[in-house]
Amino acid sequence: MSELNIGDKVTAIYKTGKYIGEITERRPQHYLVRVLAVLKHPMQGDLHHPKDAEVGFFHERKALSYREQANVPEKMVKLYEGEIPGYLESLKEAADKFRSELENDGSPWARQSRRNLDSLEKDYFKN
């Protein structure tokens, strides 16, 4: 794999979300990535029990904020060469895509995830 450099535009998978960002620092086996756009909204619930609603605590997982930095393992970071959409429009698109996937799933996990997403969207799109 070719070495990425500070300033490179990249895609980064962090937990269960996927983002477009910019490398701001090189760390051992990681890159520090500043978020510029959202490609995939994070999954909801317990990461150790994916798609299971019967867990002790069903986590509400927000997408990383605009310009928030995340320490991402090297193997989860790839060079990005396309247009970078605006953060809010990309967040809306990612949330809408996640919602449509949930609409086709009648499971308790999907129902709880939709409730979480409803709550998150009120916070994301206040204005």
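Each row is one residue, and each column tells you yes or no for (1) of a type outside the set (A, V, I, L, M); (2) within 26 Å of Glu22 (Cα to Cα).
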residue	(1), (2)
Lys75	yes, yes
Tyr87	yes, yes
Lys97	yes, yes
Leu117	no, no
Lys122	yes, no
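For the range 52-68, check the following and say yes or no: at least one residue is basic (Lys, Arg), farther than 26 Å from Ile6 by Cα, part of a loop (DSSP other than H, G, I, E, B) and over 12 Å from the mean Cα position of the chain (by Cα). Taking every residue of the range 52-68 in turn, none turns out to be basic (Lys, Arg), farther than 26 Å from Ile6 by Cα, part of a loop (DSSP other than H, G, I, E, B) and over 12 Å from the mean Cα position of the chain (by Cα). Residues in the range 16-43 that are part of a strand (DSSP E or B) and over 29 Å from Arg114 (Cβ atoms): Glu22, Ile23, Thr24, Glu25, Arg26, Arg27, His30, Tyr31, Leu32, Arg34. Screening Leu79 against (1) at pLDDT below 95; (2) in contact with a Leu (Cβ under 8 Å, 6 or more places away or on another chain) leaves a single unmet condition, (1). Comparison of Lys40, Lys97, Lys92, Lys51 shows that the only residue that is closer than 23 Å to Asp8 by Cβ and of a type in the set (Lys, Arg) is Lys40.
Here is the figure for the range 44-75: residues that are in contact (Cβ under 8 Å) with a residue 60 or more places away in the chain, hydrophobic (A, V, I, L, M, F, W, C) and under 30 Å from Pro108 (Cα atoms) total 1.
Tell me, which residue of the range 53-72 that is farther than 14 Å from Tyr87 by Cα and aromatic (Phe, Trp, Tyr) is modelled with the lowest pLDDT? Among them, the one singled out is Phe57.
Any residue in the range 86-108 that is over 15 Å from the mean Cα position of the chain (by Cα), part of a helix (DSSP H, G or I) and basic (Lys, Arg)? There is no residue in the range 86-108 that is over 15 Å from the mean Cα position of the chain (by Cα), part of a helix (DSSP H, G or I) and basic (Lys, Arg). When the range 1-24 is examined, which residues are found to be in contact (Cβ under 8 Å) with a residue 40 or more places away in the chain and acidic (Asp, Glu)? Hit for the range 1-24 is Asp8, nothing else.
Restricting the range 17-73 to residues that are out of contact with any strand residue (DSSP E or B) (no Cβ under 9 Å at 6 or more places or on another chain) and of a type in the set (Phe, Trp, Tyr), the residue that is surrounded by the fewest Cβ atoms within 10 Å (Cβ to Cβ) is Phe57.
The values are calculated or read from the model by the stated rules, or taken from the named source; none is laboratory data. Values in this document were obtained by computation on a predicted structure and should not be read as measured data. Cβ sites come from the backbone with ideal geometry, for glycine too, and all protein chains shown count toward neighbours.
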